[in-house]
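Reading through the structure tokens given below for one structure.
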Amino acid sequence: MSDTGSNTMWGGRFAAGPDAIMEAINASIGFDKRLARQDIEGSRAHAAMLAATGILRDSDAEAIREGLLTVLSEIEAGTFAFSTALEDIHMNVEARLKDLLGEPAGRLHTARSRNDQVATDFRLWVRDQIDAAIAGLEALQRALLTQAEAGADWVMPGFTHLQTAQPVTWGHHMMAYVEMFGRDASRFRDARARMNECPLGAAALAGTSFPIDRHMTAEALGFEAPCANSLDAVSDRDFALEFLSSATICAMHLSRFSEELVIWSSAQFRFVALSDRFSTGSSIMPQKKNPDAAELIRAKIGRILGANVGLLTVMKGLPLAYSKDMQEDKEQVFDAADSLMLALAAMEGMVRDMSANRPALETAAASGFSTATDLADWLVRELDMPFREAHHVTGALVKLAEDKGCDLPDLTLADMQGVNSGITEGVFDVLGVHNSIASRTSYGGTAPDQVRLQIARWKERLA
């Protein structure tokens, strides 16, 4: 006769057999204890509503509300003993409340279910994370604005295909990321507005026969309104998916910027110097200063995108309403939120501390025939040449400069007139990199005045 308690198929951790396995797979307290503050906040609002509607005696409701504050203080002080046998944060809190109050604690769960309770807790938690992400993004934008303002007229190369394209300004490049992170913040705000409905009172799936006031609890918890359909209220995790989707796009932007910082801080580029606070050395090569913070931020999208795909996969095959599969929603969101907030904070620190190498930026801006487009535009404007012909003439001049081993501004007027006799001395007014950036005065262009206009606009928005 076999003894399941010693059956090696369970492994050392599950020596007690199937019961231990079921407890381990079923319990969520190991991670959902992070919802403690939101769980207690929701329970206090629920108790107040039960009293206001006459479902619960005022004395019991007050005792419950005070008892919940005691439980929260124990959790925050680290003295609360969480139990895996009690499965989740809801049952752990309720069991401790019963220890404190006795019979009245059992009345708290009237007219609600763990289904609407966890949906409410999780929405509250995600809403808090959205607020934190927006604050982190705005802090990063302010750091970028400081960089942009300092270098509004510093010339640097603009790239396409990572090849020198046209000169731009340092300020213009910084402001590109201000725009990106501004869109990220707007996505989080949109997601917050859509998710700001309260599931509490939907109960298990069908609502309740008790005369509850769902508008009261929604208002107490800062929601715009109660969820309008009880089935949807307990089975919806769109709010978490929208958070993850917005976080993924934001992490992608952080990753792109990180890639540029890694390239720019290399010995081959020397565009920026990152501070020692966000760099590390090598254990074997004493000359090395590695942009580790940027590299780690660049990698965070793997975790955040993974969480997004993971939760989408969990949710895609679930019928209404609640299924235990949905317990798998939180760990992925918790990890993604932690990763995003750490990446935002690290990027803000790097941006505030980094220093641009203005001479190296300007030298690079003048290389690679970066003013070729300015030359083509000049041919169109001054010689009334069709752009396609101007493109061809400019290409011939670039080839000539390559053959001579010089850049376009170093060609003589005679050299240029050998390609096209109509070219005049005025062409040299557009060939310098400073002339180039000054000419890009279209709205949103790289001209310093345009850059400063956008800086002022964003300063006002973030004030």
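Structure notes:
- Of the helices (runs of 4 or more DSSP H) lying entirely inside segment 360-435, those containing at least 2 residues that are open to solvent by 20 Å² or more (accessible area, probe 1.4 Å) and closer than 20 Å to residue 163 by Cβ span 372-383, 387-404.
- So residue 232, is it within 25 Å of residue 334 (Cβ to Cβ), surrounded by fewer than 20 Cβ atoms within 10 Å (Cβ to Cβ) and among the acidic types (Asp, Glu): yes
- Among residues of segment 56-87 being in a loop (DSSP other than H, G, I, E, B) and aliphatic (A, V, I, L, M), the one that is surrounded by the most Cβ atoms within 10 Å (Cβ to Cβ) is 56.
- Those residues of segment 269-291 which are part of a loop (DSSP other than H, G, I, E, B), at pLDDT below 85 and surrounded by 14 or more Cβ atoms within 10 Å (Cβ to Cβ), in sequence order: 279, 289
- Neighbours by Cβ (under 9 Å, 6+ apart or cross-chain): first from segment 186-214, not assigned by the TED database to the domain that holds residue 227; second in a loop (DSSP other than H, G, I, E, B) and open to solvent by 70 Å² or more (accessible area, probe 1.4 Å): none
- Residue list for segment 114-135, restricted to those being open to solvent by 10 Å² or more (accessible area, probe 1.4 Å) and among the small types (Gly, Ala, Ser): 132, 135
- A residue that is of a type in the set (D, E, K, R) and under 35 Å from the mean Cα position of the chain (by Cα) occurs nowhere in segment 396-409.
The values are calculated or read from the model by the stated rules, or taken from the named source; none is laboratory data. The model shown is predicted, which means the values in this text are computed figures rather than measured ones. Reconstructed Cβ throughout: ideal geometry from the backbone, glycine too, with neighbour counts over all protein chains shown. Please note that ligands, DNA and RNA were not included when accessible areas were found on the heavy atoms of the full protein model with its side chains. Shrake-Rupley method; radii C 1.70, N 1.55, O 1.52, S 1.80 Å.
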